[in-house]
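J.: Please see the structure below; I have some questions.
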Amino acid sequence: MAVETASLVDVAYENLLARITSFQVKAGAPLSEVKISKELNISRTPIREALQRLEKEGLVQRTEASRFTVAQISIKEVNDACDLLEILDTYIFTKASRTLSEEDAAELRRSVTQMSDASDANDRTAWTEADRNFHQILNRVAGNELVADTVRETRRRVQRFWIRSTVGQFDRLHTCTVEHGQLVDAIINKDVAAIGPAVTEHISHLRENVVSLLTTVALLTGDDQA
């Protein structure tokens, strides 16, 4: 029964995530558990758990009346988040490079290979999983849980929209994979001087793609994303 519930939570989560990141529902729009339950033919408990997961990722927020609505994400928030990611990723990668074992290095190489395979197959889900593994390895090796938690939550909020921006843009996954490979080379070689610029380039592309997506949506819908 628990397995079935977990599976239904995943179904509800993926459905709602797709609606939000494809802007099928606007920022501020209410997310009724009853309505969604009827639409998906799923009981309210999995729907509620899916909404709570999205709330943790910053894509959904709760009103004073404890009702769920779609969270606003502005261009300023994207820029603020990317500024923070640039600082914290540089810190994590630099710290991890000092104590990286051969086994950790091999895991990082495998994660980039998995990204490359997923990019070739245009499999965004598999690519995202490989990217998650990449950052989990480095967060673990760096050993600062407070920083890891902060960067994890910040990345989730922005990256969901970045993944959406890759739809029909096959080169974006490939470019991002190449950048991860360059980062791994710098980290494994303990080339601290190369880590900062590589992170800056990587985050700048993330920033550009998400801002471009939000700007396009604003032009099409008339919403102010400033």
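J.: SER7 fails exactly one of the following numbered conditions: (1) within 30 Å of HIS202 (Cα to Cα); (2) part of a helix (DSSP H, G or I). What is the number of that condition?
T.: The single condition SER7 does not satisfy is (1).
J.: Here are some residues: ARG207, ARG152, ARG132. Which one is under 13 Å from ILE92 (Cα atoms) and basic (Lys, Arg)?
T.: Exactly one of ARG207, ARG152, ARG132 is under 13 Å from ILE92 (Cα atoms) and basic (Lys, Arg), namely ARG152.
J.: Out of the residues in the range 10-41 meeting the condition of being assigned to a helix (DSSP H, G or I) and of a type in the set (Lys, Arg), tell me which one is surrounded by the most Cβ atoms within 10 Å (Cβ to Cβ).
T.: ARG19
J.: Also: Can you tell me which residue among ARG48, ARG98, ARG44, ARG67 is in contact with a strand residue (DSSP E or B) (Cβ under 7 Å, 6 or more places away or on another chain) and either without any contact (Cβ under 8 Å) to a residue 40 or more places away in the chain or exposed (fewer than 14 other Cβ atoms within 10 Å of the Cβ) (or both)?
T.: ARG67
J.: Hey, among GLN159, GLN169, GLN182, which residue is closer than 16 Å to SER204 by Cα and at pLDDT below 90?
T.: Exactly one of GLN159, GLN169, GLN182 is closer than 16 Å to SER204 by Cα and at pLDDT below 90, namely GLN159.
J.: Could I ask something else about it? Consider the range 41-81. How many of its residues are small (Gly, Ala, Ser) and at pLDDT 90 or above?
T.: 3
J.: Looking only at the range 191-204, which residues are surrounded by fewer than 16 Cβ atoms within 10 Å (Cβ to Cβ) and not small (Gly, Ala, Ser)?
T.: Hits for the range 191-204 are ASP191, VAL192, PRO197, THR200, GLU201.
J.: Please specify each residue of the range 1-22 satisfying the condition of being at pLDDT below 90, closer than 19 Å to LEU213 by Cα and either in contact with a strand residue (DSSP E or B) (Cβ under 9 Å, 6 or more places away or on another chain) or charged (D, E, K, R) (or both).
T.: Hits for the range 1-22 are ARG19, ILE20.
J.: Which condition number does ILE188 fail, the rest of (1) over 20 Å from the mean Cα position of the chain (by Cα); (2) buried (at least 20 other Cβ atoms within 10 Å of the Cβ); (3) not small (Gly, Ala, Ser) being met?
T.: (2)
J.: Output the number of the condition that ASN144 fails; it satisfies all remaining conditions of (1) over 30 Å from ILE47 (Cβ atoms); (2) surrounded by fewer than 17 Cβ atoms within 10 Å (Cβ to Cβ); (3) under 16 Å from the mean Cα position of the chain (by Cα); (4) not small (Gly, Ala, Ser).
T.: ASN144 satisfies every listed condition except (3).
J.: Could you list all residues from the range 51-61 that are in contact with a helix residue (DSSP H, G or I) (Cβ under 9 Å, 6 or more places away or on another chain) and surrounded by 14 or more Cβ atoms within 10 Å (Cβ to Cβ)?
T.: Within the range 51-61, LEU51, ARG53, LEU54, GLU57, GLY58, LEU59, VAL60, GLN61 meet the criteria.
The values are calculated or read from the model by the stated rules, or taken from the named source; none is laboratory data. In this text the structure is predicted, and so the values were computed from the model without any measurement. Reconstructed Cβ throughout: ideal geometry from the backbone, glycine too, with neighbour counts over all protein chains shown.
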